[in-house]
Amino acid sequence: MKKTLYDKLWDEHHVHSYGNGYSLIYIDKHLIHEVTSPQAFDGLKQAGRDIWNKKSIMAVPDHNVPTRFREIGIKDPISKIQVETLNKNCSNNNLLKFDLDDIRQGIVHVVGPEQGIVLPGMTVVCGDSHTSTHGALAALAFGIGTSEVEHVLATQCLLMKKSLNMNIHIIGIMPEHFYSKDLALLIISQIGTAGGTGYAIEYTGQSIKKLSIEARMTLCNMTIEAGATTGLIASDNTTISYIENRPFSPKGASLVRAKKYWENLVSDKNVSYDKTININISNATPMVTWGTSPEMAVGVNENLPALDDERFAAKKEDLLNAFNYMDLKEKQSVKSIKLDKIFIGSCTNSRIEDLRIVANIVKNKKISKNIKSAIIVPGSGLVKEEAENEGLDKIFIKAGFEWRSPGCSMCLGMNDDKLEEYERCASTSNRNFEGRQGRLGRTHLVSPATAAAAAIYGHFVDVRDI
Amino acid sequence: MKKFQEVKSVLAHINRKNIDTDSIIPKQYLKAVKREGFGEILFDDWRYLESGNLGDNHSLRKKNPDFFLNNLRYKNTQILLTGENFGCGSSREHAVWALLDYGFKVLISTSFADIFYNNCFKNGLLPIVLNKIDVEKIIENISEEEVLYTVNLQKQSIFCNKFEINFEIDERRKKTLINGTDDISETLKQIKKIREYEKRKSKITPWVFK
Ligand code: SF4
């Protein structure tokens, strides 16, 4: 029988079948951060259980860490306790951890692949929904809750029911300044935030093959916003050359063997999926979300939907709520939306490629007077270092951006980086939910290029016009 | 985990789709390192007119009188009827802990997000998926007087003065709740198989186990 990539990864990690579609699945890599792990370690201790395989774990503080004045440590006492709890749990158990003062520290989903800790063909979990990011390396990766974090710590396995297979097939070539972030928003605007519920999504098509690993990660990262916990892209030469020569990736004879194995991490030719969705991108434009759900997205040259538009008849109430919360009007043009803040960062868009795109756009320009603050938060210490080696930091600072230290930052505003009430932000992160970036704050999700252009103009513009 | 018992309670209704876990429990409370005490801050941004923080005395904060949880009638409710795709977004299990800590034992919707749905069963919270017609039936039955609903998981039924609705649930998940199964002990029964798997795979993909 022909198999999809998801089927293959599932079968490869199958330990035991309970019938009725339930299986015990082996977990190769377990990524841990400070926010969703303390209760799991606690539970483990209370039950008197040990960690099954300490070598499978990589820990890094990211959600709750300051992005400036790190030298003085964490000011907020409650955040400090949480990070210290992670430190304690890791040192008590001898787990691999990248501390705040380690150049390898950063957002868990940036660090794992960057270090070669996440490899193609692995099963990867983390107490964080954006674990789907790692599917860009043809790894079966998905987010779990804290109880499951404890379960994996104790057993190295998860009790799971298999998802259905969905193929999102991209037709056409990527237009200029249309990035994988725009593609993700376009897909979600078409299939909805629950469109992928119950499925593992594989992205296919010539355009996907041409994407860099960084761009693939952005797309897989956003898969959870379409409701699917797993996003996948088949392995190819791009995958393998990305992973070679990473600090933790296999070397020598081991690498030769691994490469052979990785080459087969593709769906069988002509395999059938439970559902296939074709998306044509030939005429696509940069995307902007206008509402409080990632599916509320339109092209940058379009207007916001009309309340009497029949396509939204079933969602009128949601539209009204969103217009209200975002203080926007129906049929208003996207370009007329003025911004207060710019955030470039998060596990969606904080890799070196993203920063290069931003630098290209803001070079020798100044951010608009409207903009109260524009911050760039690199995904890891190593991304930061690379950007500085290339002189990008100077370009950013000259243009008026703040150049910060790595962490989740304003993606969820657990630290000091957040929106004040009613502030409006163009953000390269992944969620525009009410209050996500700060109570009563208003978030517009965009690509790094569109965020950079908005910083210069103080409102949204089509980056192709500048 | 506690065994799931029959629930008899009034029903609260929040008429909103795509309620995300950020709305169920905002980020500032994720700094906690314990599982308890989240009930007071369930739906925090909607429930209070002022912002709050971990460690605040929430009874002193100004409440939003229009929000359903602030209606005395729902003080002891254990059943929550919500719009579709409930629990989307962040994987934070704190959302489930908050609902439970408030006193909810049953959630009803036309759909739940995957990770949230899974988290419910790890904690003894029953998420019931109904079709639109059945949900409409319940909504039509919401009136000024209090209607008591009985949810019986064994019989897979929701029962009130006017009607009974039967719901589907996966056999395995049902048993987990009814028996209050500890998933980890259950998995550890397969120790031999897990070890065998590791032995076999460390020969095929040795780099994974380095
Ligand atoms: S950057 Fe944002 S979405 Fe990504 S892991 Fe951090 S908080 Fe979650």
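The values are calculated or read from the model by the stated rules, or taken from the named source; none is laboratory data. The model shown is predicted, which means the values in this text are computed figures rather than measured ones. Methodologically, a virtual Cβ is constructed for each residue, glycine included, from the backbone with ideal geometry; neighbour enumeration extends over all protein chains shown. With ligands, DNA and RNA removed, areas are computed over all heavy atoms of the protein, side chains included. Shrake-Rupley method; radii C 1.70, N 1.55, O 1.52, S 1.80 Å.
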Give the average, rounded to an integer, of partner chain Cβ atoms located within 10 angstrom of each Cβ in B:29-37.
6
What do you get for the angle between helix B:114-123 and the principal long axis of chain B? Use alpha-carbon atoms, 0 to 90 degrees, nearest ten.
90
Amide proton proximity set for B:ARG16, modelled H, under 5 Å, gap of 5+:
B:GLY83
What ³J(HN,Hα) values, in whole Hz, does the Karplus curve 6.51 cos²θ - 1.76 cosθ + 1.60 give for region B:26-38 when θ = phi - 60°, with x put for Gly and Pro?
x, 3, 4, 8, 6, 6, 5, 10, 10, 9, 9, x, 8
Area buried, chain A against chain B - accessible surface, total, 1.4 angstrom probe, square angstrom:
5800
Under 5 Å from the placed amide H of A:TYR18, counting only residues 5+ away or on other chains, we find A:SER23, A:LEU24
Keeping every protein chain present and rolling a 1.4 Å probe, give me the accessible area per residue for the protein assembly as shown in Å².
39
Name the residues of region A:48-96 whose accessible area falls by at least 30 Å² when all protein chains are present instead of the chain alone, probe 1.4 Å?
A:ARG49, A:TRP52, A:LYS55, A:ILE78, A:GLN82
Taking accessible area as the heavy-atom solvent-accessible surface of the protein chains with a 1.4 Å probe, which residues of region B:110-137 lose no less than 50 Å² upon going from the isolated chain to the full protein assembly?
B:ASP114, B:ILE115, B:LYS122
Carbon plus sulfur, as percent of the 1.4 Å-probe accessible area of region A:275-366, comes to 44
Partners for B:LYS175 among aspartates and glutamates (Cα-Cα distance below 16 Å; same-chain residues under 8 apart left out)
B:GLU6, B:ASP183, B:GLU186
Just the number, please: carbon plus sulfur as a percent of the accessible area of chain B, 1.4 Å probe, no ligands or DNA/RNA counted.
48
Using DSSP, restrict attention to beta bridges with both residues in the protein assembly as shown and report what percent are antiparallel, rounded to the nearest 5.
30
Restricting to DSSP H runs of at least four residues, report the calculated mean residue ellipticity at 222 nm for the protein assembly as shown, -39500 (n - 2.57) per run over all residues, nearest 500 deg cm²/dmol.
-9000 deg cm²/dmol
What's the average, rounded to a whole number, of partner chain beta-carbon atoms within 10 Å of each residue's beta-carbon in A:102-108?
0
Can you give the % of DSSP beta bridges in chain B that are antiparallel, to the nearest 5?
45
Roughly what % antiparallel, to the nearest 5, for the DSSP beta bridges in region B:105-210?
60
Report the Cα centroid-to-centroid distance between region B:166-210 and region A:122-138 in angstrom, as an integer.
19
From highest to lowest solvent-accessible area (probe 1.4 Å; ligands, DNA and RNA excluded), A:MET410, A:MET160 read A:MET160, A:MET410
Where a Cα-Cα gap under 17 Å defines reach, which lysines qualify for B:LYS137, not counting those fewer than 8 residues away within the same chain?
B:LYS162
Output field shielding_mean for A:149-157 (other chain Cβ, 10 Å radius) holds 4
State which entries of A:LYS161/A:LYS275; A:LYS269/B:LYS193; A:LYS181/A:LYS338; A:LYS161/B:LYS210; A:LYS161/B:LYS105 exceed 26 angstrom in Cα-Cα distance in the structure shown.
A:LYS269/B:LYS193; A:LYS161/B:LYS210
The answer for A:GLY407, listing residues at least 5 apart or on another chain whose modeled amide H is closer than 5 Å to its amide H, is A:ILE107
Sort A:SER282, B:SER23 from largest to smallest accessible area, using a 1.4 Å probe on the heavy atoms of the protein chains.
A:SER282, B:SER23
At most 13 other Cβ within 10 Å, DSSP loop - trypsin sites (Lys or Arg not before Pro), region B:75-125:
B:LYS75
Could you sort B:SER143, A:SER350, A:SER241 by accessible area so the largest value comes first, with the probe set to 1.4 Å?
A:SER241, B:SER143, A:SER350
Any chance you could check region A:179-205 for residues losing 10 Å² or more of accessible area when the partner protein chains are in, compared with the chain on its own (1.4 Å probe)?
A:THR193, A:ALA194, A:THR197, A:GLY198
Can you work out ³J(HN,Hα) from phi for every residue in region B:65-70, in order, using Karplus 6.51 cos²θ - 1.76 cosθ + 1.60 and θ = phi - 60°, giving whole Hz and x for Gly and Pro?
x, 7, 7, 4, 5, 8
Carbon and sulfur %, accessible surface of region A:57-188 computed with the full protein complex present, 1.4 Å
55
Going down the table (A:LYS88/B:LYS192; A:LYS45/B:LYS174; A:LYS363/A:LYS418; A:LYS251/B:LYS203), which pairs top 23 Å between alpha carbons?
A:LYS88/B:LYS192; A:LYS45/B:LYS174; A:LYS363/A:LYS418
